[in-house]
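Asks: Dropping a structure here in structure tokens format, bear with me for questions.
The values are calculated or read from the model by the stated rules, or taken from the named source; none is laboratory data. Predicted model, so just to flag it, every value in this text is computed and none were measured. Glycine gets a Cβ as well: all are built from the backbone with ideal geometry, and neighbour counts include every protein chain shown.
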């Protein structure tokens, strides 16, 4: 009984500690994809126009 509660408690603490890190990584990924998409779009525009 106590082992199960300890495992759940450790899992919750790990989630609370890691949640901001995971959230920031997701936001960095989204911003990185947006910047990459903009660069690809603008570079395609420049290469297509003579």
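Asks: Give 33, 5 a once-over and let me know the one that is loosely packed, with under 10 Cβ neighbours inside 10 Å, modelled with pLDDT of 90 or more and part of a helix (DSSP H, G or I).
Replies: None of the other options fit; the residue is 5.
Asks: Looking at (1) modelled with pLDDT under 95; (2) assigned to a helix (DSSP H, G or I), which is the one condition that is false for residue 50?
Replies: Every condition holds for residue 50 apart from (2).
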